[in-house]
Each structure stands twice: as C-alpha cells, then as structure tokens.
Protein chains: 2
Amino acid sequence: MNDDTWKVPEIAVAVDLAVLTVLADSLQIMLVERGIEPYLGTQALPGGFLSSVDESLDAAAERELTEETGLDPVGLHLEQLHTYGAPDRDPRQRVVTVCYLAFVPGLPPPVAGGDARSAAWVPTKTALHPGTELAFDHKKIIGDAVERTRSKIEYTTLAAAFCGPEFTVTDLRRVYEIVWDEKLDPRNFHRKVTGVENFLVATGTQTTRQGGRPAALYRRGPARLLHPPMLRPAAPKPDASQTS
Amino acid sequence: MNDDTWKVPEIAVAVDLAVLTVLADSLQIMLVERGIEPYLGTQALPGGFLSSVDESLDAAAERELTEETGLDPVGLHLEQLHTYGAPDRDPRQRVVTVCYLAFVPGLPPPVAGGDARSAAWVPTKTALHPGTELAFDHKKIIGDAVERTRSKIEYTTLAAAFCGPEFTVTDLRRVYEIVWDEKLDPRNFHRKVTGVENFLVATGTQTTRQGGRPAALYRRGPARLLHPPMLRPAAPKPDASQTS
DNA sequence: GCAAAAGTGTTACTCGTACACCCATGG
DNA sequence: CCATGGGTGTACGAGTAACACTTTTGC
C-alpha cells in the first residue's frame, strides 16, 4: 500500500433519486441544496450513502425519498435508473451511486417537509440548461432520467403516475404532451387510451368545468403495459443511421 | 447527499458479467466454476471486485471480460443490466454488484483462454432450470439478462451482434427464433430486415451451400435502432369463443 | 427432374392518422 | 345562441400476416 491522502480503501456506495413530476406545464425534478462540501450550496439530486448494513438498495431509495423529500413511497413508482461510478465523480473519494427514478403526481405535495432542507421542484429544461451548475455528474443523470421517462411512457401505463388519484383523459394527454414536448391529437388520444384494457377505470363521475362539456373522471387500472404502445410522433426526416 | 460524519460502511463493489451467445440452437450464457469459498466449485457469472481506484465501471467490465473469458471487448456490445445489492447476497460481507450484459457471436471463440478457469457456455434454459444450483443470486441475474435480451432485439439491431462478421438473413432469423423461442415467417422476415435502412449491408458475395439456393451475405450496418420494431408474435388471445 | 433453401408478389386485414362532425355545459 | 372543450365516425395509407409462387443451387 502507500501513504497517500485517502486512507479509506473501501468504495462508498450511495443511492441518489431522480424524482420527476409534471407541474405547471413542465416536467420538473426534485433538487435539494447541498449543506456540505463539496458543492456546498449547489443544487443536487436528493440521496445519501447506503448506511445500514441490512438495508437493500430498494429500501435505501425509499428511505431517502421519505427523509429528503417528505414523500410517502407507498404506491408510487420507483425503479433503478443506472449506476454511476466514474473514478473522479466525487473529489473526496471513490463513490459509486445507484440512481433511482421516481414518478409522483404533481398536485399533492407542495414539496418540503421532514428532513428536507430547501427541496424544490425545478423544470428539467432549467436543470439541463448549459448555464445551470449542478453537483457531481447530476446533470448527466437528469438527462438520462428524462430520456428514460420519455421512452417509458411509450410502452407502459406510467404516465398516469404523474396524475392524481382521479383524472380526465385530457389530464393524461397533457402529461404526454409535456413529457414529449409534442402536440397530440385529442380525439385519437382519447380513443386510444380508453380502448386499452385495464388502463383506465371510469369512476362514473364527471368534472365540473367552466365553459365546455364535463369530462369523465378515471382512476388507474391494473394494466402496467400499454398494448399496443403509444408512439411518439415521428420526426420529419428520420433518414440515415440512428445511434442510441 | 448528506452526512456531516464521514463514516463509510464496509461495502464491496463488484462487477459481474452476463455474456450471452447463440450457439447450437440455443441461447447460452458464459459461466465459470468458482475456485474459492463461498460456493466453491459452483458455477457463477464471471466477475470480480472493483479494485483499481482509477477504473470506471465500464472499464472494469471490459477488463473482467478479457481476464475471465479471453474475449476481446472491442466492437462487441456491453451495457449495464442492473445493480444487485440485497444485504444477504454474499455471506462474507456486504457486496453490491453492478451487472453488465454482453452479446458475442457464437462461432469465433471456443471459450477459455487467459485467466479463465473452466469457463463454459451453458444454455440459459439449463442455467434457469429449478434443479440447477448457481452461486449467489446469479440465477435471478441470468433471468433478468435473458428478459432484457428478448426485449432489446425488438427495437434495436443488436440481434446481429450474435452473428459473425458476415451472415445471411436466415442466420439472423435463427437468432430471433432461438432468443424468442418462436417461429418466424422466413419470407416476411427477409423483406422486413432488408427493408430497414442501414441495418444490413450486402457484401455482394454468397454462401456455398448444400442443397438449396445460395444466400446473400451481409455485414452489420450503422443503424442501431430498428424502425419500425420487430415485434414478437403475439400470444394467442384469451378469446373464450373457441378452444381446440 | 427433384428436393431444398432463398427470395418475390399478392391480398386481406389491422392500426395509426387526419379531420369532419356531434354532444354537453356555461354564459 | 355561441364559445369551449369532450367525445364519435370515417376515410385513407402504412405496415403486418399469410401464403402462393419463382429462383438457384446440389444430387
């Protein structure tokens, strides 16, 4: 061995969270302000080190979600996104972070609560803007999270995870339009989603609206996969080779 | 991220490999026999601990691939599959393993070589059989790898990664049929894959065959995504009206 | 010629898209 | 009545599935 400055031979394992919501006509991500060095005062993804010895990665992700954002993990979608382990991603020591992706409805929680210090929703466009400074490699992680989200709602029913317990077909369509940043035909969208078995369950009630026909309210059904998938509008000229 | 106290639990980070190939009419996975406890003598995925401080996860995966299987990582597909970190998955200590998925052509390497001790191709059906004993949680990992592979070849051109440098349309079709365990119509398959831009590049040469018209040989083109996707034959609908 | 495998043509059907049109409410 | 948004009908075209048919080799 050597006498170098870093005396900790172990690699630290962290769990970070990319918590997304659809709010105010944009896809937003939960960021917290760092209270310690490095990157003190910079915005970062909520997360922390895997502490307890008997805690699974999934459990650690749920715990961090509650501790740092005050959200209740029961019932909301939480999946592994990717694991990041570049040697220089943390200046203190080698850190490998397992990042999780979560979808939460926009309306219920006004953020904050619990242990969270200055947790805030930030539009992903702002977070990904070249001028925005984020801690560690979190900007890249957010980019991956947004891309995963965009493709995930194509073939799963997870877009409904961004809606409240009861929602209209138009609410759901707005989620797609905001996440994809594409306009969708309201008529065809309606026919499509109402035609998928077990996707939407009619409550029988309707919205009371101002100026316009009331819309039927739905709850999420048990279906988890979209069959057939909801395809993004094709780019005008998809010529030549595509790279993933 | 938090922690004013800089305590790091003793967690080891490993990189495991799920290396798949199509060989002898079946989807096979590379397994090695463990030379140390625990699970001494049991078959396991190739892999090892992340040792060097300056090594990225991707680089570690490539290194393990070369060391344990003798395969050359240049040009072959290698992607992160999932990270496994159940507290009790290794009886010695807490181990979090980042698993990678690799596709290699079946023909070239007769396995073994380098540091590999008894590396062998094992049909995934055998590895996943209830009677088969594998080290750690590797059976679950293999199940995840197979499922990822099945869906991946639907919308990417990666099925060609299982073929040699030059291959026929029928070779490619056999890959799909073996991975999906489904029969595909040769005529429609041919039209479809040859119609996708930049998927297959004709070499101009043909196979010399025994009994049958020679087939044109192709190389992989630059396309990485299949547009439109190759869909698995739908499972028979649970239609109550008719039974056999 | 015959068997075997490669490759093409044709038709029917499904599904997505575009858009005309009707329905139900508030003002 | 009119504006606004919810929801249905329908025609067209792209893409798939099924299968008859032609092509090119070895024996």
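Read-outs: derived from the displayed coordinates by stated rules, not from any lab. In this text, all values refer to a predicted model and were calculated from it rather than measured experimentally. Note that we place each Cβ from the backbone using ideal geometry, even for glycine, and neighbour counts take in every protein chain shown.
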Q. Fully extended, how many nm does the chain gain between residue B:208 and residue B:144 (0.36 nm per residue separation, minus their Cα-Cα distance)?
A. 19.2 nm
Q: Have a look at the DSSP beta bridges in the protein assembly as shown and tell me what percent are antiparallel, nearest 5.
A: 70
Q.
Over the Cα atoms of the protein assembly as shown, each weighted equally, I'd like the Debye log10 I(q)/I(0) at q = 0.06 Å⁻¹, rounded to two decimals.
A. -0.33
Q.
Between residue A:216 and residue B:88, what is the label-point separation in nm under the 7 Å Cα-to-beta-carbon projection?
A. 4.8
Q) Counting DSSP beta bridges in chain B, what percent are antiparallel, to the nearest 5? A) 70
Q) Order of A:99, A:163 from fewest to most other C-beta atoms within 10 Å? A) A:163, A:99
Q) From the Cα gyration tensor of segment B:11-153, with a ≥ b ≥ c the square roots of its eigenvalues, which class applies: rounded if a/c is under 1.5, or else prolate if a/b is larger than b/c, or else oblate? A) rounded
Q) So if we plug the beta-carbon distance of residue B:54 and residue A:53 into 1/(1 + (r/R0)^6) with R0 = 30 Å, what FRET efficiency do we get, rounded to 0.05? A) 0.60
Q) Which whole-number percentage describes the relative contact order of segment A:155-220, with Cα contacts under 8 Å and a sequence gap of 6 or more? A) 35
Q | Packing-based exposure ordering (other Cβ within 10 Å, fewest first) of B:230, A:30 | A | B:230, A:30
**Q.** 10 Å Cβ neighbours from other chains, averaged over peptide B:80-92
**A.** 4
Q: Using the number of other C-beta atoms within 10 angstrom as an exposure proxy, rank A:19, A:201, A:169 with the fewest first.
A: A:201, A:169, A:19
Q. Counting GluC sites (Glu not before Pro) as exposed when in a DSSP loop with at most 16 other beta carbons within 10 Å, what is the longest stretch of chain B free of them?
A. B:11-132
Q: Hey, for a label at residue B:227 modelled as a point 7 Å past Cα toward Cβ, could you say which residues of segment B:121-159 have their backbone N under 16 Å away?
A: B:155-158
Q: For each pair in A:140/A:183; A:125/B:192; A:139/A:192; A:192/B:192, compute the distance between the two Cα atoms and list the pairs where it is over 28 Å.
A: A:125/B:192; A:139/A:192
(Q) For chain B, compute the orientation-averaged projected area of the C-alpha convex hull (one quarter of its surface), in nm². (A) 19.2
(Q) Run the numbers for residue A:198 and residue A:67: contour at 0.36 nm per residue of separation, minus the present Cα-Cα distance, in nm. (A) 43.8 nm
Q: For chain A, calculate the relative contact order in percent as a whole number, restricting contacts to Cα pairs under 8 Å that are 6 or more residues apart.
A: 19
